[in-house]
Amino acid sequence: MEEFISDLTPGAEKPAIEMIGVNKWFGAYHALRDIDLTVEQGERIVICGPSGSGKSTLIRCINRLEAHQTGRIFVEGTELTADLRRIDEVRREVGMVFQHFNLFPHLTILENCTLAPIHVRKMEQAEAQALALHYLGKVQIPEQADKYPGQLSGGQQQRVAIARALCMNPKIMLFDEPTSSLDPEMVKEVLETIIALAKEGMTMLCVTHEMGFARQVADRVIFMDAGAIVEINRPEAFFANPRHERTRLFLGQILK
Ligand SMILES: Nc1ncnc2c1ncn2[C@@H]1O[C@H](COP(=O)(O)OP(=O)(O)O)[C@@H](O)[C@H]1O
Ligand SMILES: [Mg+2]
């Protein structure tokens, strides 16, 4: 009993995410191999690795866009299983931003941002609009609220996608190569938006090859290869002193 009570004392925070011995196959293809990863509250993790190494699959398992087959995944203390109620619970806590912004082209920016709060959270329209404008302000594009996605640049659309995710008030944000499909001149504005979020203490996992960003914001950097976490370390050590040959090769290629 004593121990049970001490678990609930402040400071004894549960991890944001726990993955224990997670494996995933697509048919015969072994896409995730024995993934063990604990992400603490407020921690910022950058994931890098060659194409096809399982980076997207790993973060998609965290909000059950993909189902793992063995091992266990806990998000904010809730275990992800086939139980749909739990999947909903987890998705409530997790926002996701993709490489392609996935905005609805026939809805305005404001409508894109209020859609889920109104229909999923049952929020009043006026309240949802105020919330959306607040977050569009945060990502520095409040003046675009009445436009359609096609009228915005890629960088602006990606910032809308970030605002849209924030409107659901997530505890964790997952980014899957959020700047990979942007023209180079727009990468910075999107990274700065993510950096601002990181500074506010949002727990985040970001798949990216922007190593300057990793150095600046990551608490830990993960290198994946062939479905496994090969190396995980603080950025200073990760870049100065990669322990594995595969990490060295990869860094050599992308830092050229
Ligand atoms: N839905 C799927 N069905 C079959 N194979 C898939 C599927 N999604 C991903 N894969 C395979 O799993 C591997 C890891 O993919 P992914 O996680 O997207 O890699 P990354 O994001 O690191 O490029 C790749 O070989 C990919 O082809
Ligand atoms: Mg990917």
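Which of the pairs K122/K147; K24/K55; K138/K199; K138/K171; K55/K138; K122/K171 have their Cα atoms more than 21 Å apart in this structure? Long pairs (Cα-Cα over 21 Å): K122/K147; K55/K138. When the Cα gyration tensor is reduced to axis lengths a ≥ b ≥ c, the ratio a/c is 1.5 or higher for the stretch 70-200, and with a/b not above b/c it is classed as oblate. From helices alone, the chain scores -11500 deg cm²/dmol at 222 nm; the rule is -39500 (n - 2.57) for each run of n ≥ 4 DSSP H residues, then divide by the residue total. What is the stretch 1-143 by shape, rounded, prolate or oblate, if you read a ≥ b ≥ c off the alpha carbon gyration tensor as root eigenvalues and call it rounded for a/c under 1.5, prolate for a/b larger than b/c, and oblate otherwise? Oblate is the answer for the stretch 1-143, as a/c is 1.5 or above yet b/c matches or exceeds a/b. On a per residue basis, the convex hull of the C-alpha atoms belonging to the chain measures out at 154 Å³. Relative contact order of the stretch 103-256, taken over Cα pairs closer than 8 Å and 6 or more residues apart, is 17 percent. Sparsely packed loop sites in the stretch 135-244 (the GluC sites (Glu not before Pro) outside DSSP H, G, I, E and B with at most 13 other Cβ atoms within 10 Å) comprise E200. Helices assigned as whole DSSP H runs in the chain whose Cα atoms extend at least 15 Å along their own long axis and whose mean Kyte-Doolittle hydropathy is -0.5 or higher are found at 109-119, 125-138, 154-166, 184-199.
If only the Cβ of Lys and Arg carry +1 and only the Cβ of Asp and Glu carry -1, the dipole of the chain around its Cα centre is close to 520 debye. What a 1.4 Å probe finds exposed on the chain is 51% carbon and sulfur by accessible area, rounded to a whole percent. The residues of the stretch 1-145 expose, per residue, 54 Å² of accessible area to a 1.4 Å probe. Shape summary: the stretch 195-256 maps onto an equivalent ellipsoid whose semi-axes, from the alpha-carbon gyration tensor, are 21, 12, 10 Å in decreasing order.
Between Rg and the Kirkwood Rh of the stretch 54-128, both from Cα atoms, what is the Rg to Rh ratio? Reported Rg/Rh, Kirkwood definition of Rh: 1.03. The relative contact order of the stretch 8-148, computed from alpha carbon pairs under 8 Å that lie at least 6 residues apart in sequence, is 19 percent.
The values are calculated or read from the model by the stated rules, or taken from the named source; none is laboratory data. Bear in mind the structure is a predicted one, so any value in this text is a computation, not a measurement. Note that each Cβ is placed from the backbone with ideal geometry, even for glycine, and that neighbours are counted across all protein chains shown. The area values use the complete protein model at the heavy-atom level, side chains included, leaving out ligands, DNA and RNA. Shrake-Rupley method; radii C 1.70, N 1.55, O 1.52, S 1.80 Å.
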